[in-house]
Amino acid sequence: MPNEPSRLTCEQLSSFSPMDFLTPHYRQQLHASLNYLQRPAGTPLLRRGERSLAQYYLLAGKVSVEDGTGKRALEGGSPEAHLPLNPGPTNPVTVRAVTDVCLFAVEHHLLERLLSWSQEAAYEVSSLTDRQEEQAEDDWLTRLLATPLFGRLPPSHLHALLARFEYVEYQAGTTVVRYGEPGEHFFVIKHGRVQVGLPSASREQPTLVLERGDFFGEEALISGAVRSASVTMLENGELARLHRDDFVELVRPTLIPRISTQDLQRWQQREQRKHLLLDVRLAAEYRLGHLPESLSLPVASLRTQASVLDRSTCYVVTPEGGIRSELAVHLLNQLGFDAYLLGDDREAVA
């Protein structure tokens, strides 16, 4: 087997198609999820007509590619090698390793999702703001649409969402939401800064300051629980406010990407994607029964444990926690991880 080539940098990844269409933020997320593979000469890599969960690119070595009308050779490092061997979920060609080869793979659904987020965010920013391109980077709406939370929404939902925002001015020192109260609104900061105040039991955690384009209040609307923190204006400002009913209708359905048990089994059988199964219930609930190979990580510990989680790993959250499992998937994606809720084939949308 040849020595494994150096892992790609984000800049090198942008030379592969269609990664050049990704925004830098989403290209970084894809870069962390790349799976590098080595296969000996003679190994069948892809079979024409079969479905594949991952999209493969040749980095080093030589393969034969047969499309039903003829056979051609492809070498790593060539311009053609910067295109995927199998664009799309159904393999259009049969590929076999002629020499020992090195490849990298990216899961189809992840790539499609990141491309969609990038393209929809760019479309909405250009169509919903009447600003020059050089000003867009500083706009609150640009920042909002570049986040995973809103980047995955379809354009029709985004138009309806922005039409339903209510814009409210607040004075410095005003408490916008209070710990322990029911959640009635979701907020985006249009101008100004706010401070997130945690309850006394969590005072050892650092104070969080949010600014233009940041948002808050969604966790209580996802979980149905009361506010987990208070938020106070640090200076005079303006917030875009969305009522709970509109949030539930337009935003919540797209917050929780899912993966079917069948697709998860394919990952496990083919080792196509590095993943970890998480059970986010309390430890006592976990001990009473859990899915094989799942690890216990209560949802309340996700934020504090985020720094030790591997960003190249896909996290699949088991469904036993109900609304807690949905909240965990949202929190993980919000923190920049790739996370799915495990669901049956009828529910899966990933």
Practice task
Go through the residues of segment 53-64 one by one and say whether even a single one is touching a strand residue (DSSP E or B) at 6+ places or on another chain (Cβ under 7 Å), within 27 Å of residue 263 (Cβ to Cβ) and among the hydroxyl-bearing types (Ser, Thr, Tyr).
Solution key: yes
Fill in the blank from the handout: Those residues of segment 71-96 which are hydroxyl-bearing (Ser, Thr, Tyr) and within 29 Å of the chain's Cα centre (by Cα) amount to 90
Exercise for the section: Keeping to segment 150-187, report how many residues are farther than 16 Å from residue 248 by Cα, under 25 Å from the mean Cα position of the chain (by Cα) and either modelled with pLDDT of 75 or more or surrounded by fewer than 19 Cβ atoms within 10 Å (Cβ to Cβ) (or both). Expected result: 1
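Table: residues versus (1) closer than 27 Å to residue 312 by Cα; (2) within 31 Å of the chain's Cα centre (by Cα); (3) assigned by TED's automatic domain parsing to the domain that holds residue 267; (4) of a type in the set (Asp, Glu).
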site	(1), (2), (3), (4)
37	yes, yes, no, no
41	no, no, no, no
51	yes, yes, no, no
64	no, no, no, no
67	no, no, no, yes
Practice task
Go over the candidates 327, 277, 309, 295 one by one and state the one that is at pLDDT 90 or above and either within 19 Å of the chain's Cα centre (by Cα) or among the charged types (D, E, K, R) (or both).
Solution key: 277
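The values are calculated or read from the model by the stated rules, or taken from the named source; none is laboratory data. Note that the structure is predicted; figures quoted are calculated from it, not measured. With ideal geometry, Cβ positions are generated from the backbone for all residues, glycine too; neighbour counts draw on all protein chains shown.
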